[in-house]
Amino acid sequence: MSVRSWLLTAMSAALLLCSACAAALAWPAEAGAADSGEGSQPSKSRPWGRFELKRENTARGTPEESTKTTLRFEKFLDGPLDILRIDLPFPDATADFEGSPFDPRLGDIKMRVRFRAVPKDGYTIGSYIEATFPTANPENLGGGKYQLSGGVRVVVPLSAPFFEEPKAHKPQFESELSQVVSVAGDAARSEINYTKLELTLYDVWRGKYTFKLKGKPTVDWIQDGRTGAVGEIEGGLFFGAGWRTWLMLGHRLWGPDNIKGTYSTRVEMGITRPF
C-alpha cells in the first residue's frame with residue numbers, strides 16, 4: 001500500500017476517534033447508557049469491576065487469532081471514562097485448533113480505555129482507545145508489533161413485537177467501527193493496518209438468557225484493501241449472583257486465511273462475573 005493511502009487511512013481513523021472521544025468527554029457521567037450488551041446484567045448499583053475467563057479454539061487464524069485462554073479484568077470508572085480493561089492472553093504452544101491447553105504461553109497483552117456512552121435521539125454512541133504490546137513469548141505467538149487502535153460503537157434499542165412475550169425481551173442492534181495500526185516493534189515482522197466493522201443483533205430474554213448474531217468484515221490495508229469476514233452466533237445464560245456463561249461458534253464467511261482479525265473456525269466458551 002502507498003504512503004499516501006496509509007496516511008489517508010490513519011488520518012480518517014484519527015479524526016473519527018477524536019470526534020467520538022470529544023463527544024464523550026463533553027457529557028457528564030450520568031449521561032451514560034445502560035447495559036450495552038457486553039456481558040453485564042442491568043442492575044441498580046454498579047459493581048467495582050468485572051472478571052472474565054474465556055477459552056477459544058481457533059483454526060487457521062493469524063498469530064493473534066490462535067487457540068488460547070484469556071483472562072480479562074475490568075475496572076468500572078466514574079465520569080467520562082467508563083471502563084479500564086486489561087486482557088492477558090495465554091496462547092497454546094500448539095497453535096492449531098486442538099491446541100495444547102496444559103501448555104500455555106504468554107501472548108500480546110492489551111489495555112483498553114472505554115469512554116462513557118452518550119445518549120443521542122434514542123440510541124447511544126461510545127468510543128474507546130486500545131494499546132497492544134508485543135509481549136508474546138515465543139514471539140511467533142503474537143504480532144511482534146506495538147499496536148494502537150480506536151473504535152466507535154453505536155447501540156440502538158429495538159422493539160420486539162414479533163416475539164410471543166415482547167416485554168420479556170430486550171433486543172438491540174450494535175455496530176462498531178475500529179481501526180488498528182502498528183507503530184513500532186520488530187522490523188522483520190509485517191506491519192499491521194486494518195479496519196474492522198462489527199454488526200451485532202443482541203437480545204436478553206427474561207433477564208436471564210442472551211443471544212448474539214454477529215458479522216465481522218475486515219479490510220486489510222497492508223494487503224491493498226483485501227477483505228475477509230467471519231460470522232458468529234452465541235448463546236448465553238445469567239446465573240447465580242451476576243455470573244454469566246456463554247458458548248460461541250464462528251466461521252469464515254469470505255476472504256483468504258491471512259486477513260487480520262479473521263479465522264476459519266472458532267469455538268469459544270467463557271464465564272464472567274462482576275465484583
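Among the conditions (1) within 21 Å of the chain's Cα centre (by Cα); (2) surrounded by 15 or more Cβ atoms within 10 Å (Cβ to Cβ), PRO157 misses just one, which is (2). Comparison of THR67, THR58 shows that the only residue that is touching a strand residue (DSSP E or B) at 6+ places or on another chain (Cβ under 9 Å), surrounded by 14 or more Cβ atoms within 10 Å (Cβ to Cβ), free of Cβ contacts under 8 Å to residues at least 40 places away in the same chain and hydroxyl-bearing (Ser, Thr, Tyr) is THR67.
Listed by first and then second residue, the pairs linking a residue in segment 93-106 that is farther than 13 Å from ALA136 by Cα to a residue that is hydrophobic (A, V, I, L, M, F, W, C), with Cβ atoms under 6 Å apart and 6 or more places separating them unless they lie on different chains, are PHE97/ALA59; SER100/ALA93; ASP103/ALA93. GLU74 - would you say it is modelled with pLDDT under 80 and of a type outside the set (A, V, I, L, M, F, W, C)? Spelling it out, it is not the case that GLU74 is modelled with pLDDT under 80 and of a type outside the set (A, V, I, L, M, F, W, C). Going by the conditions given, is VAL267 farther than 20 Å from THR69 by Cα and either in a strand (DSSP E or B) or of a type in the set (Ser, Thr, Tyr) (or both)? No. For LYS170, the conditions (1) crowded, with 19+ Cβ neighbours inside 10 Å; (2) under 20 Å from VAL219 (Cα atoms) all hold with the exception of (2).
Taken over segment 99-116, the residue count meeting the criterion of being more than 24 Å from ARG266 (Cα to Cα) and in contact with an Asp or Glu (Cβ under 7 Å, 6 or more places away or on another chain) is 3. Candidates in segment 46-70 are the residues that are modelled with pLDDT under 95 and in contact with a Leu (Cβ under 8 Å, 6 or more places away or on another chain); of these, the one that is farthest from LYS260 (Cα to Cα) is SER66.
Test ASP121 against the criterion of being within 21 Å of ARG46 (Cα to Cα) and among the acidic types (Asp, Glu), and give yes or no. Don't jump to the end; show me each part of the working.
On the way: within 21 Å of ARG46 (Cα to Cα): no; among the acidic types (Asp, Glu): yes.
In short, no.
Counting just the residues of segment 207-265 that are of a type in the set (A, V, I, L, M, F, W, C) and over 28 Å from ARG50 (Cβ atoms), which one comes out surrounded by the most Cβ atoms within 10 Å (Cβ to Cβ)?
Step one: of segment 207-265, the residues of a type in the set (A, V, I, L, M, F, W, C) are 211, 213, 219, 221-222, 229-230, 233, 237-239, 241, 243, 246-249, 253-254, 259.
When the remaining residues are screened for being over 28 Å from ARG50 (Cβ atoms), the result is 219, 221-222, 229, 253-254, 259.
On the way: VAL219: 21, TRP221: 22, ILE222: 18, ALA229: 18, LEU253: 14, TRP254: 12, ILE259: 24.
Once the filter is applied, the top-ranked residue is ILE259.
Quick check on segment 182-197. Is at least one of its residues within 28 Å of THR124 (Cβ to Cβ) and surrounded by fewer than 18 Cβ atoms within 10 Å (Cβ to Cβ)? It would help to see each step written out before you state the result.
Initial filter on segment 182-197 (within 28 Å of THR124 (Cβ to Cβ)): 194-197.
So of that shortlist, the ones also surrounded by fewer than 18 Cβ atoms within 10 Å (Cβ to Cβ) come out as 197.
Checking segment 182-197: at least one residue is within 28 Å of THR124 (Cβ to Cβ) and surrounded by fewer than 18 Cβ atoms within 10 Å (Cβ to Cβ).
Looking at THR124, THR94, THR135, which one is at pLDDT 95 or above, out of contact with any helix residue (DSSP H, G or I) (no Cβ under 6 Å at 6 or more places or on another chain), among the polar types (S, T, N, Q) and surrounded by fewer than 17 Cβ atoms within 10 Å (Cβ to Cβ)? On inspection, the qualifying residue turns out to be THR135. Only residues that are within 29 Å of VAL180 (Cα to Cα), of a type in the set (A, V, I, L, M) and either without any contact (Cβ under 8 Å) to a residue 40 or more places away in the chain or in a strand (DSSP E or B) (or both): list them for segment 222-245, please. Matches in segment 222-245: ALA229, VAL230, ILE233.
Residue check: is PRO119 over 25 Å from SER264 (Cβ atoms), in contact (Cβ under 8 Å) with a residue 60 or more places away in the chain and more than 20 Å from the chain's Cα centre (by Cα)? Spelling it out, PRO119 is indeed over 25 Å from SER264 (Cβ atoms), in contact (Cβ under 8 Å) with a residue 60 or more places away in the chain and more than 20 Å from the chain's Cα centre (by Cα). Just one of (1) under 30 Å from ARG273 (Cα atoms); (2) touching a residue at least 24 places away in the same chain (Cβ under 8 Å) fails for LEU213. It is (2).
The values are calculated or read from the model by the stated rules, or taken from the named source; none is laboratory data. Every value quoted in this text rests on a predicted model; they were computed, and no experiment measured them. All Cβ positions, glycine included, derive from the backbone under ideal geometry; neighbour counts span all protein chains shown.
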